[in-house]
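Below: the structure, in structure tokens.
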Amino acid sequence: MNYMEDLRSKNFEEIVEIGNKFGLAPFKARELYRSIHGKGKESLSEITTLQLGERSKLAKQFEIETPKPLQIKKGNRTIKAAFELKDGKIVEAVLMEYEEERKTVCVSSQAGCPIGCLFCATGRGGFRRNLTPGEIVSQVYFFAKMHQITNLVFMGMGEPFLNYNNVLSAAKNLNNDLGLNIAARKIVLSTIGIPAGINRLAREPGQYRLAWSLVSPFDRDRRQLVPYRSLPSIPNVVEAIGDYQAKTNRRITIEYVVLRGINDRMKDIKEIIAISRHLDCHINLIPYNETIPGKFENGNIEKMYSELRNVHLKVTVRQSLGGDVQGACGQLSAKLCGTESRPPRR
């Protein structure tokens, strides 16, 4: 059985190289890329701007791999979709419709997650594998058939910076003006704080935005909530972000899920203030969305918001969407009818 390469995982330069190899005129290579990444074509047979013979030659080595939507749930201004990948793994993504024509897709970068946050359904399910660039962009292309996508957040399943190459390849294809042309500044990469990834992002020419999931301002408490063996210390993350901002002059967002009695105490607030003084940041307080009944409770967001505002920090409370379809922050689990994956597709 011949191994088929996925054209959705190829960037523009790679498509041009493939075009040269197969004798395509330069404009046809551009049209091939546009058909894959701009028009969301799902098979080579749909790309009728190429001659039948050209498509037939390409089809001997390449395919346009399209994850199968297994389950779609529609809620109040949200749509959650679960996708079956070629090997039977399942990932989820969410479309969120905000005011002013903003359509945001929350996309997954891994099947499962190695970080293991105790309050997150994805983390409790364990890690399976990294997603390919094609598997990442396919989540967005599914929703792009319904709406014009304006924003993208890597806040679904997985830690983006532990799949850095594939995530950035996907982001660049989504940003390409022959693709969906989503502005780089409207693409957010959210990390638990992986300094190596932050350092690499600082060197990227695209103005992608960085978000840091702080969880707790104290390392000891943070490690209890985030039992990832290689979790960097807060000072190390702050140092990496400082270097990132020195190179890019870009503000970052601190994402903070508020848990009652755990990270919403006055001492937590004071330490968040101290950390924020070292960074150019905006703090986004996130309501806790229940994943284990009775395990955690939503914290005192109003108090935190007021205290942070009183010291003139930039702070907002996230408009929480997706809870009615189990698609809000921390709720993606890829569990369908009691199963987390299926046998590989034939």
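For K270 and M146, what does the FRET efficiency come to when R0 = 41 Å and r is the distance between their Cβ atoms, rounded to the nearest 0.05?
Efficiency for this residue pair is about 0.35.
Cut-off 10 angstrom, C-alpha nodes, Gaussian network model of the chain. Which of K80, K295, K89 fluctuates the most? Sorting by GNM fluctuation, first place goes to K295.
Between Y208, Y256, Y98, where does the largest GNM mean-square fluctuation fall for the chain, given springs only between Cα atoms within less than 10 Å? Fluctuation is largest for Y98.
Summarising the label geometry, the points placed 7 Å from Cα in the beta-carbon direction at E302 and Y98 lie 2.4 nm from one another. Length gained on full extension, D177 to Q61: 39.1 nm, using 0.36 nm per residue less the C-alpha separation.
I'd like to know which of S276, I64, T316 lies farthest towards the positive end of the charge dipole of the chain, counting +1 on Cβ of Lys and Arg and -1 on Cβ of Asp and Glu. Checking the options against the dipole of the chain, the answer is I64. Identify which of E290, E100, E42 has the largest mean-square fluctuation in a Gaussian network model of the chain, with springs joining Cα atoms closer than 10 Å. Of E290, E100, E42, the most mobile in the Gaussian network model is E100.
Between R185 and F218, the distance separating the two model label sites (each 7 Å from Cα on the Cα→Cβ line) works out to 3.9 nm.
Taking label points 7 Å from Cα along the Cα-to-Cβ direction, L52 and I72 give a separation of 3.2 nm.
Shape call for the range 5-63 from the C-alpha gyration tensor, a ≥ b ≥ c root eigenvalues: rounded (a/c under 1.5), prolate (a/b greater than b/c) or oblate?
Values: a/c = 1.17, a/b = 1.02, b/c = 1.15.
Verdict is rounded for the range 5-63.
Let me have the relative contact order for the chain, percent, based on Cα pairs under 8 Å that are six or more residues apart.
Once divided by the residue count of the chain, the mean separation gives 17 percent.
Please work out whether the range 53-155 counts as rounded, prolate or oblate from its C-alpha gyration tensor, where a ≥ b ≥ c are the square roots of the eigenvalues and a/c under 1.5 means rounded, while otherwise a/b larger than b/c means prolate and anything else oblate? Oblate, because a/c is 1.5 or more while a/b does not exceed b/c.
On the beta carbon distance between V317 and D280, with R0 = 25 Å, the FRET formula returns roughly 0.80.
Remark: the chain projects, on average over all directions, an area of 18.0 nm² (convex hull of Cα atoms).
No value in this document is a laboratory result; all are computed from the given coordinates. These numbers were taken from a predicted model, which means no experiment stands behind them. We place every Cβ from the backbone using ideal geometry, glycine too, and count neighbours over all the protein chains shown.
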